[in-house]
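Everything on this sheet refers to the single structure shown next.
The values are calculated or read from the model by the stated rules, or taken from the named source; none is laboratory data. Just so we're clear, the structure is a prediction, and the values are computed from it rather than from any experiment. Cβ placement follows ideal geometry from the backbone for every residue including glycine, while neighbour counts extend to all protein chains displayed. Ligands, DNA and RNA are excluded from the accessible area calculation, which covers all protein heavy atoms including side chains. Shrake-Rupley method; radii C 1.70, N 1.55, O 1.52, S 1.80 Å.
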Number of protein chains: 2
Amino acid sequence: MKTPKISEAVVRRLPVYLRYLQYLNESSIRTVSSQEMGQTLGINPAQIRKDLAYFGDFGRKGIGYEVPYLIEKIKQILKLDRTIQVALVGAGHLGIALSNYNRFTREKLSIVALFDQDPNKIGCKIGLLPIQPMSELNATVSRLDIQIGIITVPAPEAQRVADRLVAAGVRGILNFAPVKIKVPDEISLRTADLTTELQALAYYID
Amino acid sequence: MKTPKISEAVVRRLPVYLRYLQYLNESSIRTVSSQEMGQTLGINPAQIRKDLAYFGDFGRKGIGYEVPYLIEKIKQILKLDRTIQVALVGAGHLGIALSNYNRFTREKLSIVALFDQDPNKIGCKIGLLPIQPMSELNATVSRLDIQIGIITVPAPEAQRVADRLVAAGVRGILNFAPVKIKVPDEISLRTADLTTELQALAYYID
DNA sequence: TAGATTGTTAATCGATTAACAATC
DNA sequence: TAGATTGTTAATCGATTAACAATC
């Protein structure tokens, strides 16, 4: 698992491969070729082989890839084989929607703490998790060894929340607020902007 | 507004430019250079100029871009200057979160109808909008001239919902279900997969 | 005018795809 | 063995960046 320099495009395709492989596995299909995967996913087979080959020789010439084995390997690469604890800040509808995604827990990437600054929400439970006040952030991140923070607060508060997450010690942030936030270089940041998705779609209408 | 072949990457940056320009406008800043924009947004100034130049000569040499004028132009390009009606199928938390985004309405991209298949939800109101049964889809899409459908149902139902939206006459679909769906070529499709975002982020931890 | 900044062409960079030897 | 399919190198394609004449 040497890494010669993996582009973001490659990393973004891995979860797509993984999901398809899990579907195959549930269908009791044990082997798959890059040809078949490419067909289904709309991705060039050579690209799939190249993406996978960055991380190791997972296939067998003349045969293809063994589904359960490849699932294991991709999980390792994406670190989905070990527990990664996630905190979510902003228990609005989007926050609740995300904390309900059970796929996260299935993949050992699980939201284990919820925070909100609204005093009326403190103590309410979403599923099994109580909503905590922001004053608990540092203590909870340390206690549960939380590595990732998800931001689902309104845009004007996003930077402040990001700063607090960084100070509390998270290693990565997934930001859903429609604003560009700044974090130190050593913190991984991804921004998922739902409004720009819809605006970009409008371009293609007509 | 001739289109020599605009890449998706360009279209995805336009909403980002727009948001920053709107921020400048609210701050009463009337002029901006590609230099300044690039600095703030972390994008190469030459790229910004090139992106904009695909659609027209919006700037003035030696001066830069006039903020209100450029806002108008980008809105025109993204078709945010005309009303585009949107229907949302799946009134769960994610659906409610999206229908509450007031930015959409501000941009004349507004969610004007909600659908769900759960009989218990029918008639409940989210903001001003009642949740309608799927049996109303065709009639409502026609009556309100709805052009875009947003899918926020669970993955196993997504393809079926997409088929119904297409049959009802929408032109574009924004899919939030974590599954690849198929639509006819003439329908624009974007998939926003929140689970793969988080999985990709995990790769960069450590 | 002098300084600044665009629009655009050319150069660079990186990602995708094709091709094929290796080999199951 | 013959057919299939990988891993990888080379070729292609497209996107980003640099450079600069035009001009405000």
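Here are the numbers:
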read-out	value
Cα point-scatterer Debye curve for the stretch B:64-143, base-10 log of I(q)/I(0) at q = 0.22 Å⁻¹	-0.98
Cα-based Rg of the stretch A:8-77 normalised by 2.2 N^0.38 Å, two decimals	0.97
Once exposed loop trypsin sites (Lys or Arg not before Pro) are cut out (DSSP; at most 13 other Cβ, 10 Å), longest piece of chain B	B:83-181
Label point 7 Å beyond Cα along the C-beta direction, distances from A:THR40 to other copies (nm, shortest first)	4.6
Chain B: most fluctuating residue of B:GLY127, B:GLY62, B:GLY92 per GNM, C-alpha cutoff 10 Å	B:GLY62
Accessible surface, the protein assembly as shown, averaged per residue in Å² (probe 1.4 Å)	48 Å²
Around A:LEU41: net Lys/Arg minus Asp/Glu count, Cβ-Cβ under 9 Å	+2
FRET E, pair B:GLU72, B:MET134, Förster distance 41 Å, beta-carbon r, rounded to 0.05	0.60
Chain pair A, B: total accessible area buried, heavy atoms, 1.4 Å probe, Å²	5500 Å²
DSSP-defined beta bridges in chain B - what % are antiparallel, rounded to 5	20 percent
MRE, 222 nm, helices only [DSSP H, n ≥ 4, -39500 (n - 2.57), over chain B, to nearest 500]	-13000 deg cm²/dmol
Coarse-grained scattering of the protein assembly as shown at q = 0.06, 0.12, 0.14 Å⁻¹, given as base-10 log I(q)/I(0) from a Debye sum over alpha-carbon atoms	-0.26, -1.13, -1.47
Net +/- balance of residues flanking B:LYS75 in space, Cβ distance below 10 Å, scoring K and R +1, D and E -1	+1
Fraction of antiparallel bridges per DSSP, the stretch B:88-168 only, in percent to nearest 5	25 percent
Accessible area, probe 1.4 Å, largest first, for residues A:TYR54, B:TYR17	A:TYR54, B:TYR17
Linear extension gain, A:ASN100 paired with A:GLN47, 0.36 nm per residue minus alpha-carbon span	15.7 nm
A:ASP185/B:ASN120 FRET efficiency (R0 41 Å; Cβ-Cβ; nearest 0.05)	0.25
Volume in Å³ per residue [convex hull over Cα atoms, computed for the stretch B:4-132]	129 Å³
Inter-label distance for B:ARG60 and B:ASP145, nm, one decimal - labels placed 7 Å from Cα along Cα-to-Cβ	3.6 nm
Whole-Å distance, taken between Cα centres, linking the stretch A:30-109 and the stretch B:115-130	35 Å
Candidates B:GLN159, B:GLN147, B:GLN35, ranked by Gaussian network fluctuation over chain B, Cα under 10 Å, top entry	B:GLN35
Threshold 30 Å², the stretch B:79-100 residues less accessible with all protein chains present than alone (1.4 Å probe)	B:LYS79, B:HIS93, B:LEU94, B:ALA97
Too-long pairs where the Cα-Cα distance tops 31 Å, listed order kept, from A:LYS125/B:LYS180; B:LYS79/B:LYS182; A:LYS5/A:LYS61; A:LYS5/B:LYS108; A:LYS75/B:LYS75	A:LYS125/B:LYS180; A:LYS5/B:LYS108; A:LYS75/B:LYS75
Fraction in percent of alpha-carbon pairs per bin - 10 Å, the stretch B:44-192	11, 36, 28, 16, 9, 1, 0
Of B:PRO68, B:PRO178, B:PRO133, the one that fluctuates the most in a GNM where chain B has Cα springs shorter than 10 Å	B:PRO68
Within the stretch B:1-114, percent of DSSP bridges classed antiparallel, to nearest 5	45 percent
Within the accessible area of the stretch B:84-198 (1.4 Å probe), percent carbon and sulfur	51 percent
